[in-house]
Amino acid sequence: DFHHLGYACKDLDAAQRFFAAIGYVLEGAEFEDPTQGIRGRFLNGAGPRIELLQDLPGRDTLRPWLDGGGSRLYHLAYEVPDMDAALAWSRAQRGLVTVQPVAAVAFGGRRIAFVMFRHGPMLEFIERG
């Protein structure tokens, strides 16, 4: 099931102000994930849920997406009932698993994984709770 759009930004506050202007509001508290090197916020509005993400000081997780400007679409996220099956499907589609399953602060310790595709967006898989 679709869960959110991940949006890389240099400034969480500025990005949140932009999305507030088009009707988005904060959903829950800001989180920080030292394992991934990011902090973030979820927003809800008239469109899909958005996860704003910013690098923690001294980290460059999002740098490839931010080198060209201020904010960028980072990933599409889906909740999956079976992480192993989702990763097997990704590999069959010639996807490259860039982040192996790891517990994520934003999802109460549920595991996430990221997969890059040559001709598509990066996908995040969130283990269904």
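The values are calculated or read from the model by the stated rules, or taken from the named source; none is laboratory data. Note that the structure is a prediction, hence the values are computed from the model and not measured. Virtual Cβ from ideal backbone geometry, glycine too; neighbours counted across all protein chains shown. What goes into the accessible areas is simple: the full protein's heavy atoms, side chains included, and nothing from ligands, DNA or RNA. Shrake-Rupley method; radii C 1.70, N 1.55, O 1.52, S 1.80 Å.
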Margin query: Tell me the accessible surface of ARG17 in square angstrom (1.4 angstrom probe, heavy atoms of protein chains only), to the nearest ten.
Written below: 150
Checklist line | Sequence ranges 74-84, 100-110, ranked by mean other-Cβ count within 10 angstrom, highest first | finding: 74-84, 100-110
Next item on the list: Would you calculate the separation in nanometres between label points at LEU96 and ARG59, each defined as 7 Å from the Cα along the Cα-to-beta-carbon direction?
Entry: 2.1
Notebook entry, point to check: What is the local net charge at ALA85, summed over the other residues whose Cβ is closer than 14 Å to its Cβ (Lys, Arg +1; Asp, Glu -1)?
Noted result: -1
Checklist line | 0 to 90° range, to nearest 10: angle between helix 83-92 axis and the chain longest Cα axis | finding: 80
Notebook entry, point to check: Contour minus end-to-end for ASP1 and ARG72, with contour as 0.36 nm per residue of separation and end-to-end as the Cα-Cα distance?
Noted result: 23.3 nm
